[in-house]
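Asker: For reference, the structure I am asking about is given below.
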């Protein structure tokens, strides 16, 4: 009757997952994160003004906190006693963080002397970042030849 008995070979289900593509993707992501991670922790985030920038609109009831950097690199704060005396880096961080704890919406401005080095002004902004300042404004003076 059945000269040929068809034997059906049943394939067993394969219980293994091919993980090679997942490993490739993981290694590529690892390399990307290793390259970009150091870039995220360096630098001071500042919203730079445009050339035709208008004055900063601050809330009427809040006076801005002004941090000044003189030509020698000393810091001055427009808050606290003896505003004419220079303060150290730790004192600057303490004063600014105290002001921000009292009112987090206080605008913070940096006023750098024209003969102060770029590094000194950036150092002041780094200290402000440590104090928890989210945005920093830069105070400049309009050129005398500018038309209004």
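The values are calculated or read from the model by the stated rules, or taken from the named source; none is laboratory data. Every value quoted in this text rests on a predicted model; they were computed, and no experiment measured them. With ideal geometry, Cβ positions are generated from the backbone for all residues, glycine too; neighbour counts draw on all protein chains shown.
Asker: Of everything in segment 1-39, what is assigned to a helix (DSSP H, G or I) and at pLDDT below 75? Give them in sequence order. Lay out the reasoning, then the answer.
Answerer: Let us first name the residues in segment 1-39 that are assigned to a helix (DSSP H, G or I), namely 20-39.
Matches in segment 1-39: 38, 39.
Asker: Take residue 137 and tell me if it is in contact with a strand residue (DSSP E or B) (Cβ under 6 Å, 6 or more places away or on another chain) and touching a residue at least 40 places away in the same chain (Cβ under 8 Å).
Answerer: Values: in contact with a strand residue (DSSP E or B) (Cβ under 6 Å, 6 or more places away or on another chain): yes; touching a residue at least 40 places away in the same chain (Cβ under 8 Å): yes.
Judged against the criteria, residue 137 is a match.
Asker: Kindly indicate whether residue 72 is farther than 30 Å from residue 135 by Cβ, at pLDDT below 90 and more than 22 Å from the chain's Cα centre (by Cα). Show your work before the answer.
Answerer: Details: farther than 30 Å from residue 135 by Cβ: no; at pLDDT below 90: yes; more than 22 Å from the chain's Cα centre (by Cα): yes.
So residue 72 fails the test.
Asker: Could you tell me how many of the residues in segment 94-119 are part of a helix (DSSP H, G or I) and more than 20 Å from residue 63 (Cβ to Cβ)? Quick ask: steps written out before the conclusion?
Answerer: The initial filter retains those residues of segment 94-119 that are part of a helix (DSSP H, G or I), namely 94-102, 118-119.
If we keep only those that are more than 20 Å from residue 63 (Cβ to Cβ) as well, we get 118-119.
The total comes to 2.
Asker: Could you look through segment 103-117, keep only residues that are over 18 Å from the mean Cα position of the chain (by Cα) and surrounded by fewer than 16 Cβ atoms within 10 Å (Cβ to Cβ), and pick out the one that is nearest to residue 87 (Cα to Cα)? Explain how you work it out, then say what you get.
Answerer: Of the residues in segment 103-117, the ones over 18 Å from the mean Cα position of the chain (by Cα) are 103, 111-117.
From what's left, surrounded by fewer than 16 Cβ atoms within 10 Å (Cβ to Cβ): 103, 113-115, 117.
Numbers: 103: 22, 113: 16, 114: 20, 115: 19, 117: 18 Å.
So, considering only residues that are over 18 Å from the mean Cα position of the chain (by Cα) and surrounded by fewer than 16 Cβ atoms within 10 Å (Cβ to Cβ), the one nearest to residue 87 (Cα to Cα) is 113.
Asker: How many of the residues in segment 120-133 are in contact with a strand residue (DSSP E or B) (Cβ under 9 Å, 6 or more places away or on another chain) and either without any contact (Cβ under 8 Å) to a residue 24 or more places away in the chain or assigned to a helix (DSSP H, G or I) (or both)? Spell out how you get there, then give the answer.
Answerer: Of all residues in segment 120-133, those in contact with a strand residue (DSSP E or B) (Cβ under 9 Å, 6 or more places away or on another chain) come to 120-121, 123-125, 127-129, 131, 133.
Restricting the remaining residues to those that are either without any contact (Cβ under 8 Å) to a residue 24 or more places away in the chain or assigned to a helix (DSSP H, G or I) (or both) gives 120-121, 123-125, 127-129.
The total comes to 8.
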